[in-house]
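Please find one structure pasted underneath; my questions will follow.
Bear in mind that the values in this text are calculations on the coordinates, not laboratory data. Keep in mind the model is a prediction, meaning the values are calculated, not measured. Neighbour counts are summed over all protein chains in view; Cβ atoms, including those assigned to glycine, are modelled from backbone coordinates with ideal geometry.
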Amino acid sequence: MRAELTMIANAGLRIAAREAVVYVDAFHRCQVEGVVPWPADGPLADLILVTHAHWDHFDARSVAEAAGRTGATVIGPQSVVQGLRGKIPPGRLCEMEPPRADGGGDARCTSVEFPAAKVTAYRTFHSRDHNSYLVETASFRFFHDGDN
C-alpha cells in the first residue's frame, strides 16, 4: 500500500496513489504561511471532496475551476452541491447527505462506489452540513474528518 500525501493550505489534502488522485478541502480562499496553496496547474484528479461549505474549506469558483481542469467528480453535502450547480456538469457532481444521528447517537453514513474509489460520507458535528469521508481503493484507505 503506497500513497503520496500533500498538505494543501488550511485543512486540504491531495492523496495520490496508483488507482486514484483525491483532493479534500483543497480549493478555498484560505492561505496558510508555509503550507502549499492548491496547485493551480495540478495534475488530473479523480475526486474532489468537500467536507462543508465554510470559506476556509470551500470556494465554489475555485472548486469549479479545479474540476473543469482535472476532470474530477466533486462530492459534498447539499450546501456545497447547491453552490456548484450550473458550474459543473451534473454527471460530475455528487451530493452525499448522510442521515442525521438520533439524539446524540452514532454518526450515520452513506456510501457511493466510483470508478476510482469507494467513498463513505459520515454526518459529523462541526456544523449543520458537515461530512467526514472514508475513501477506499485496492491499495489505500484514508479517513478525513474535516474540522472535527
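How big, in percent, is the set of alpha carbon pairs in the chain lying more than 27 Å apart? Numbers along the way, then the final one.
Details: 1488 of 10878 pairs.
Roughly 14 percent, once rounded to a whole number.
Another question, then. Where in the chain lies the longest segment free of chymotrypsin sites (Phe, Trp or Tyr not before Pro) that are both loop residues by DSSP (not H, G, I, E, B) and have at most 15 other Cβ atoms within 10 Å?
The longest such stretch corresponds to 56-124.
May I pose another question? Show log10 I(q)/I(0) for region 46-97 at q = 0.22, 0.28 Å⁻¹, two decimals, from a solvent-free Debye sum over equal Cα scatterers.
Listed by q, the Debye log ratios stand at -0.67, -1.15.
Now, a different point. If exposed means no more than 14 neighbouring beta carbons inside 10 Å and the site is in a DSSP loop, what's the longest run of the chain without any exposed trypsin sites (Lys or Arg not before Pro)?
That would be 30-99.
Oh, and also: Determine the sum of side-chain charges near G71: Lys and Arg each +1, Asp and Glu each -1, restricted to other residues whose C-beta is under 12 angstrom from that of G71.
It works out to a net charge of +1.
Could I ask something else about it? Long-range amide H contacts for I8: which residues qualify at under 5 Å (H placed 1.01 Å from N, peptide plane, sequence gap of 5 or more or a different chain)?
L13, R14
Same structure, new question: Starting from 0.36 nm per residue, how many nanometres of slack lie between F125 and L44 once their C-alpha separation is accounted for? Provide the component values of the computation, followed by the final result.
Details: separation 81, 0.36 × 81 = 29.16 nm, distance 3.14 nm.
Length gained between F125 and L44: 26.0 nm.
Each residue of region 108-119 in order: what ³J(HN,Hα) in whole Hz does its phi give by Karplus 6.51 cos²θ - 1.76 cosθ + 1.60, θ = phi - 60°, with x for Gly and Pro?
Per-residue couplings from phi come out as 9, 9, 9, 10, 9, 9, 9, x, 8, 6, 8, 10 Hz.
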